[in-house]
1. If you check Lys83 against the conditions, is it open to solvent by 30 Å² or more (accessible area, probe 1.4 Å), without any contact (Cβ under 8 Å) to a residue 12 or more places away in the chain, more than 19 Å from the chain's Cα centre (by Cα) and at negative phi?
2. Restricting to segment 26-44, what's the tally of residues that are in contact (Cβ under 8 Å) with a residue 40 or more places away in the chain, among the polar types (S, T, N, Q) and open to solvent by 40 Å² or more (accessible area, probe 1.4 Å)?
3. Cβ-Cβ under 8 Å, sequence separation 6+ or interchain: first residue in segment 46-63 and surrounded by fewer than 20 Cβ atoms within 10 Å (Cβ to Cβ), partner of a type in the set (Lys, Arg) and assigned to a helix (DSSP H, G or I). Which pairs?
4. Of the conditions (1) under 14 Å from Asp158 (Cβ atoms); (2) touching a Pro at 6+ places or on another chain (Cβ under 9 Å), Gly66 clears all except one; give me its number.
5. Hey, among Gly28, Gly61, Gly66, Gly23, which residue is over 19 Å from the mean Cα position of the chain (by Cα) and within 29 Å of Asp175 (Cβ to Cβ)?
6. Which one of these is at positive phi, open to solvent by 20 Å² or more (accessible area, probe 1.4 Å) and in contact (Cβ under 8 Å) with a residue 40 or more places away in the chain: Gly88, Gly76, Gly68, Gly23?
7. If you check Glu155, Glu206, Glu134, which single one turns out to be charged (D, E, K, R) and modelled with pLDDT under 90?
Amino acid sequence: MNLLTTLCTRIEDNSFEVMWRNGSKKQGIMRINVVANVNDPEVIAELSALQWLLGHRSIFGPTQTGKGLKLTVTSGAIKKLLKNVRNGVPDKSAITKPHLIPYGRFLWHRFSGLEIDVSKDASWLLPRAQNDIETVEIREPLSEVIEIPNLGLVEVTDHAITQYASRLANVDQPDLWRLFRQAVARLRRVDLSEEQVMQKAAKHGEAGELWVNDALRWGFVVIRTEFLPKIVTAHAIKMTRV
């Protein structure tokens, strides 16, 4: 079982320190500045720190999912958020703070099935946490990211995950990210016809690139952004070669 503990405290206004420990030895501090004009910035700061550590920094490795993962967090709102999610879909009518959904989505996508406790205990904090300090500015929810051969680090949109999941039958939510990783592990780029370029440009604002997994018959549309390539959608393909 991999254990991640966070303790969130306000520094000033919308600036927070999120102290964390990985297991019982590794410790660090994340300084989170919530620039976005949102309610409950302290919860968003802690959610963002969790996503950064688990997904972007991958402190437990890039293959970690919710299975075998336990979080101990400061905010009870994070645990409540997860109580009203079923099969990867949040019940907005039952969630008292729906504005937190975009910031917590990673918990029921990639890390579905994790265990979570709430505690404000600070007795575990040690001076060595000062040796690992990061600062992150939150203007919007952090993206899901994944390392893909031939593409590098890639952002994965919620729509792409949803589309991928919609075409899989009887798949448990905790297995979804693992299967998604398998699908994008061996991709090749496909040249698009002029008609396809026009169709994709009309749908996504730009043509993008089509990358396919021939063995699994999946296609993924990737667009290039200023920061990272982004998978914007996924769809089944009918032929093993396109």
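The values are calculated or read from the model by the stated rules, or taken from the named source; none is laboratory data. What you see is a predicted model, and the numbers here were worked out from it, not measured in a lab. Note that each Cβ is placed from the backbone with ideal geometry, even for glycine, and that neighbours are counted across all protein chains shown. Protein only, heavy atoms only, side chains kept; ligands, DNA and RNA dropped before computing areas. Shrake-Rupley method; radii C 1.70, N 1.55, O 1.52, S 1.80 Å.
1. The answer is no for Lys83.
2. 2
3. Thr63/Arg178; Thr63/Arg181
4. (1)
5. Matching residue, one of Gly28, Gly61, Gly66, Gly23: Gly23.
6. Working: Gly88 fails: open to solvent by 20 Å² or more (accessible area, probe 1.4 Å); Gly76 fails: at positive phi; Gly23 fails: in contact (Cβ under 8 Å) with a residue 40 or more places away in the chain.
Exactly one residue qualifies, and that residue is Gly68.
7. Values: Glu155 fails: modelled with pLDDT under 90; Glu134 fails: modelled with pLDDT under 90.
Within the list Glu155, Glu206, Glu134, the selection yields Glu206.
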